[in-house]
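Accompanying notes for the structure given below.
Laboratory data are not the source of any read-out in this text; all were calculated from the coordinates shown. Bear in mind the structure is a predicted one, so any value in this text is a computation, not a measurement. Every residue, glycine as well, gets a Cβ built from its backbone with ideal geometry; the counts of neighbours run over all protein chains shown.
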There are 2 protein chains.
Amino acid sequence: MKRIAESTVRRLSIYLSFLEEIGARGVLTTSSDDLARLGGTTSAQVRKDLSFFGSFGKRGLGYSVPELSSRLREILGLGNQWHVCIVGAGKIGAALARYAGFFERGFLVTGVYDSDPEKIGKTSGGVTVKDIAHLERDIVAGKYQIGVLTVPAENAQQIVDTVVRAGLKAILSFAPTQLTAPPDVTLRTVNMAMELEGLTFALTNRESHG
Amino acid sequence: MKRIAESTVRRLSIYLSFLEEIGARGVLTTSSDDLARLGGTTSAQVRKDLSFFGSFGKRGLGYSVPELSSRLREILGLGNQWHVCIVGAGKIGAALARYAGFFERGFLVTGVYDSDPEKIGKTSGGVTVKDIAHLERDIVAGKYQIGVLTVPAENAQQIVDTVVRAGLKAILSFAPTQLTAPPDVTLRTVNMAMELEGLTFALTNRESHG
DNA sequence: TCTAACTTGTGAATGAATTCACAAGCTCCC
DNA sequence: GGGAGCTTGTGAATTCATTCACAAGTTAGA
């Protein structure tokens with residue numbers, strides 16, 4: 001398969017959530033134009049994005065909402081359930097652990113880890129907090145496919161190294177620092193400071209803003 | 001000024017945080033090569049990114065850490081303090097409100113709003129939760145330059161419309177839905193579901209992963 | 001069956017971002 | 001002062017992503 005751009009995958013997510021929304025309202029058919037309007041893009045872009053994976057529409061008619069939803073879920077790997085561990089039982093970790101949206105999409109938060117003895121053994125978002133000393137062992141045992149890191153910037157790289165060594169291949173980090181992982185590991189970082197700086201940059205430099 | 005790509009701005013943020021880190025350790029000089037290694041990019045990319053804004057280095061020698069830090073802070077608009085309101089006093093809103101990293105970078109969370117009477121009047125992250133009915137008035141009064149939205153997907157677009165009407169020009173949303181705003185408003189969305197789907201896509205389709 | 005009205009799927013064209021490659025400039029040391 | 005050794009800044013080349021434009025396929029109705 002040809003390499004797919006990250007931007008394409010992001011748009012597929014957007015299309016899917018739109019499809020699920022209109023599907024729930026009973027809409028049976030849609031068009032690349034509809035999908036584009038909601039996703040803030042163009043119909044050509046929608047068709048090109050989908051064309052990387054096959055042809056799912058009918059010329060003259062458009063796309064079947066249930067069918068395209070199901071194909072997109074499959075492409076995005078949402079067919080099966082994924083076991084997620086959260087590392088760092090702070091406020092954000094707790095908020096994520098109990099976030100219902102995850103569950104709906106097939107993500108099961110089945111473990112929360114922390115190093116603070118004060119937190120270990122207590123519950124966070126319906127899950128008992130485990131000692132981070134057991135994290136590596138649990139990953140090796142195959143308990144998780146995805147790790148979400150909500151730890152301070154100082155510890156983040158070391159934890160990435162640990163979970164990677166244990167065999168985890170997918171990591172989502174909320175630590176405000178740049179991290180590195182081997183190429184066979186997918187690592188995404190959400191950095192709030194960076195997002196805010198994107199805003200202040202725009203606020204400061206908008207003599208001519210598109 | 002030429003239009004600057006969002007990816008460039010993101011990298012500037014990375015460079016800055018690296019510069020501040022080594023600056024705190026007393027390092028006085030660095031090179032595009034150092035900056036590249038930490039930022040996960042190339043030295044040519046670093047120099048190109050900086051070249052959009054001027055020339056800050058000395059050939060043969062590199063960059064002065066304090067000087068480049070200060071120029072980047074200026075470019076990113078971090079010279080002045082920014083007043084931030086958080087809309088939605090749930091778990092994530094509370095976590096953000098008390099996040100110290102914001103303060104260090106010059107972001108002051110001076111207002112938290114919610115529509116739930118149970119929450120109004122209580123404190124969240126050191127700030128008293130205000131009635132969302134007052135939000136528009138407070139923005140019009142110039143209390144905030146940046147809004148952070150941690151509200152359910154269903155309400156998000158309506159709140160965007162409200163704060164935009166009130167004159168806010170910079171919005172960071174954590175709602176798991178696609179939002180639209182006029183072109184003179186900078187809107188960034190962090191969508192956890194989308195990030196996780198990026199991971200499951202990679203996990204599912206990695207017969208050949210670069 | 002034939003035509004009109006649509007909408008997809010996709011090569012080709014364009015546009016944007018990254019990488020290359022090297023001249024220009026700075027420092028150090030003899 | 002002059003050469004060696006670095007590192008920047010930047011046009012040119014390349015790679016990657018988006019948009020264009022239209023042939024091909026589908027439906028509906030006469």
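Here are the numbers for the structure shown:
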{"quantity": "Cα-based Kirkwood hydrodynamic radius, segment A:8-147, one decimal, Å", "calculated": "17.1 Å"}
{"quantity": "Test item: Cα-centred dipole of segment B:79-210, Lys/Arg +1 and Asp/Glu -1 on Cβ, debye", "calculated": "380 debye"}
{"quantity": "Rg and Dmax [Cα atoms of segment B:1-86; Å; Rg one decimal, Dmax integer]", "calculated": "13.0, 46"}
{"quantity": "Residues with amide H under 5 Å from that of A:V112, placed H, sequence gap 5 or more", "calculated": "A:I86, A:K130"}
{"quantity": "Separation between Cα centres of segment A:16-48 and segment B:1-55, rounded to whole Å", "calculated": "38 Å"}
{"quantity": "Virtual spin-label span in nm between A:S7 and B:S43, 7 Å along Cα→Cβ", "calculated": "2.9 nm"}
{"quantity": "Value of relative contact order over segment B:71-115, rounded to a whole percent, pairs C-alpha under 8 Å and six or more apart", "calculated": "51 percent"}
{"quantity": "Residues whose placed amide H lies under 5 Å from that of B:L149, excluding near-sequence neighbours", "calculated": "B:V87, B:L172, B:S173, B:F174"}
{"quantity": "Among the listed pairs A:K2/A:K130; A:K169/B:K130; A:K119/B:K122, those beyond 31 Å (Cα-Cα)", "calculated": "A:K2/A:K130; A:K169/B:K130"}
{"quantity": "Share, in percent, of DSSP beta bridges within chain B that are antiparallel, nearest 5", "calculated": "25 percent"}
{"quantity": "Sequence-distant residues sharing a close amide H with B:S31 (under 5 Å, placed H)", "calculated": "B:Y63"}
{"quantity": "Point-to-point label distance, A:Q81-B:E104, nm (Cα→Cβ direction, 7 Å offset)", "calculated": "3.9 nm"}
{"quantity": "Degrees separating the helix A:6-24 axis from the principal Cα axis of chain A, which is the longest one", "calculated": "70 degrees"}
{"quantity": "Alpha-carbon centroid distance for the pair segment B:160-210 / segment A:141-210, whole angstrom", "calculated": "15 Å"}
{"quantity": "Shielding by partners - mean other protein chain Cβ count within 10 Å, residues of A:77-90", "calculated": "2"}
{"quantity": "The protein assembly as shown - convex hull of the alpha-carbon atoms, volume per residue in Å³", "calculated": "160 Å³"}
{"quantity": "Shielding by partners - mean other protein chain Cβ count within 10 Å, residues of B:9-18", "calculated": "5"}
{"quantity": "Beta bridges per DSSP with both ends in the protein assembly as shown, % antiparallel, nearest 5", "calculated": "25 percent"}
{"quantity": "Antiparallel %, DSSP beta bridges [both residues in segment A:100-210], to 5", "calculated": "15 percent"}
{"quantity": "Residue-averaged 222 nm ellipticity for chain B, from DSSP H runs of 4+ at -39500 (n - 2.57), nearest 500", "calculated": "-13000 deg cm²/dmol"}
{"quantity": "C-alpha long axis of helix A:192-204 to longest principal axis of chain A, angle in °", "calculated": "50 degrees"}
{"quantity": "Förster-model FRET efficiency, 51 Å R0, B:F53 and A:V140, C-beta, rounded to 0.05", "calculated": "0.60"}
{"quantity": "Where labels lie 7 Å past Cα in the beta-carbon direction, separation of A:A24 and B:L61 in nm", "calculated": "6.1 nm"}
{"quantity": "Derived scalar couplings ³J(HN,Hα) [segment A:48-53; Karplus, 6.51 cos²θ - 1.76 cosθ + 1.60; whole Hz; x for Gly, Pro]", "calculated": "5, 4, 5, 5, 5, 10"}
{"quantity": "Per-residue HN-Hα couplings for segment A:150-166 [Karplus 6.51, -1.76, 1.60; θ = phi - 60°; Hz; x = Gly/Pro]", "calculated": "10, 10, x, 3, 4, 8, 4, 4, 5, 5, 4, 4, 4, 5, 5, 4, 6"}
{"quantity": "Extension gain (nm, one decimal) between A:A166 and A:T204, 0.36 nm per residue minus Cα-Cα", "calculated": "9.3 nm"}
{"quantity": "Three-way shape call for segment A:160-210 based on the alpha-carbon gyration tensor, with the a/c threshold at 1.5", "calculated": "prolate"}
{"quantity": "Sequence-separation-based contact order of chain B, relative, with Cα cut under 8 Å and 6+ spacing, percent", "calculated": "13 percent"}
{"quantity": "Rounded to whole Hz, the Karplus (6.51, -1.76, 1.60) HN-Hα couplings of segment A:62-75, x for glycine and proline", "calculated": "x, 10, 6, 4, x, 5, 5, 3, 5, 5, 5, 4, 5, 4"}
